[in-house]
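For reference, the structure is listed below as structure tokens.
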Amino acid sequence: MTRRELLMTAALPLAPRTRPILCIFSKHLANLNYEQLGKTSRELGFDGVDLTTRAKGHVLPERAAEDLPRAVETIRSHGVQVSMITTELLSASHPTARPILAAAGRLKVPYCKPGYWRYKNRAVETVLAEVKRDVEGLVALAREHGVEIGFHNHSGDYVGTEVWDTREIIAGLDPKWIGYYYDPAHAVVEGGLYGWQVTLNLVLPRLKMVALKDFYWEKQGGRWRVKWCPMGEGMVDWAKVFAAFAAARFTGPISLHVEYDPPDEQAAIARDLEFIKKQVQAAYGQ
């Protein structure tokens with residue numbers, strides 16, 4: 001095995017995992033180069049990186065064939081996995097789709113988040129039919145390269161906001177290659193009382209990845225709005241969330257997002273990660 005091959009596989013688990021892979025969303029370390037990103041992620045205590053492969057990301061889509069291998073090799077050299085990539089892909093026909101997914105497949109990066117489709121006040125049935133065609137094409141291309149797709153539930157005017165629409169889109173597609181990238185906070189935004197628990201139960205059998213952030217509702221200027229906050233200070237019932245993940249034996253990537261505006265971002269990341277580790281310990285027992 002060459003040094004390059006060793007570095008590209010060194011961070012991959014050698015035995016079945018019994019807990020999730022804790023990742024930092026590289027958007028929050030955007031000022032770091034690949035070397036610094038790998039080193040800092042390890043020093044902060046993360047298992048992996050959710051690597052932005054999109055406009056203004058760590059890897060630009062048009063340079064994925066050249067830069068994604070360099071990024072992954074460098075990050076793995078610090079003992080940190082690249083467990084997923086976050087992209088803006090909406091169609092298999094986009095000129096960057098094949099280079100991104102082919103590079104991810106060669107590098108054994110297992111998961112990919114596509115971009116966002118929007119409703120834009122159009123007929124729901126029309127939008128879902130269009131998105132289903134796009135997703136079918138992306139999944140077919142991703143499968144060709146051995147990469148699994150996770151559909152993110154983002155609150156607001158996004159397809160997937162209620163999860164039921166995602167269910168309709170991915171129904172009939174192979175669950176090996178397409179599932180959910182579940183975001184408990186966005187789920188609570190849209191289904192605060194009990195709806196989020198229904199969606200959580202719905203996604204668990206096809207859960208691929210998880211995005212973590214926290215929030216509360218704040219009234220400002222006479223209007224209610226979502227206020228992002230540190231993990232554990234918001235409205236998400238994290239004990240229930242992690243208990244559900246553990247009961248489902250979920251061991252995929254958990255990507256930490258720091259959407260609030262802390263004075264020291266790395267200190268905030270470290271604090272949020274410590275909170276997550278305590279939740280994992282309590283739910284998984286390790």
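The values are calculated or read from the model by the stated rules, or taken from the named source; none is laboratory data. Quick caveat, the model's predicted, so the values are computed rather than measured. A quick note on method: Cβ atoms are made from the backbone with ideal geometry, for glycine too, and the neighbour counts reach across all protein chains shown. Quick note on the areas: whole protein, heavy atoms, side chains included, nothing else; ligands and nucleic acids left out. Shrake-Rupley method; radii C 1.70, N 1.55, O 1.52, S 1.80 Å.
Okay, here's what the table says:
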item	result
Within the range 118-236, strands (runs of 3 or more DSSP E) holding 1 or more residues that are among the acidic types (D, E)	148-152, 214-220
Criterion: open to solvent by 70 Å² or more (accessible area, probe 1.4 Å) and touching a strand residue (DSSP E or B) at 6+ places or on another chain (Cβ under 8 Å) - qualifying residue of Y116, Y182	Y116
Odd one out for G146, checked against (1) touching a Cys at 6+ places or on another chain (Cβ under 8 Å); (2) closer than 20 Å to D50 by Cβ; (3) surrounded by fewer than 16 Cβ atoms within 10 Å (Cβ to Cβ)	(1)
Cross-chain or 6+ apart pairs with Cβ under 8 Å, the range 255-284 first and over 26 Å from C112 (Cβ atoms), then of a type in the set (V, I, T) and not in a helix (DSSP H, G or I)	A268/V258
Verdict on R19 being closer than 22 Å to R106 by Cα, open to solvent by 20 Å² or more (accessible area, probe 1.4 Å), in contact with a Phe, Trp or Tyr (Cβ under 7 Å, 6 or more places away or on another chain) and among the basic types (K, R)	no
Residue within the range 98-107 that is touching a residue at least 60 places away in the same chain (Cβ under 8 Å), closer than 18 Å to P253 by Cβ and assigned to a loop (DSSP other than H, G, I, E, B) present	yes
Subset of the range 232-286 that is closer than 26 Å to A30 by Cβ and hydroxyl-bearing (S, T, Y) - its residue that is surrounded by the most Cβ atoms within 10 Å (Cβ to Cβ)	S255
Of residues in the range 67-85 being closer than 17 Å to S255 by Cβ and not in a helix (DSSP H, G or I), the one most open to solvent (accessible area, probe 1.4 Å)	Q81
The range 188-206, residues that are touching a residue at least 12 places away in the same chain (Cβ under 8 Å), among the hydrophobic types (A, V, I, L, M, F, W, C) and surrounded by fewer than 19 Cβ atoms within 10 Å (Cβ to Cβ)	L202, L204
Residue pairs meeting the criteria (Cβ under 8 Å; at least 6 apart or on separate chains; first farther than 19 Å from M209 by Cβ, in the range 110-135; second in a strand (DSSP E or B))	R118/Y158; Y119/Y158
Residues satisfying the stated conditions in the range 7-43, i.e. at pLDDT below 90 and under 16 Å from A71 (Cα atoms)	L7, M8, T9, A10, A11, L12
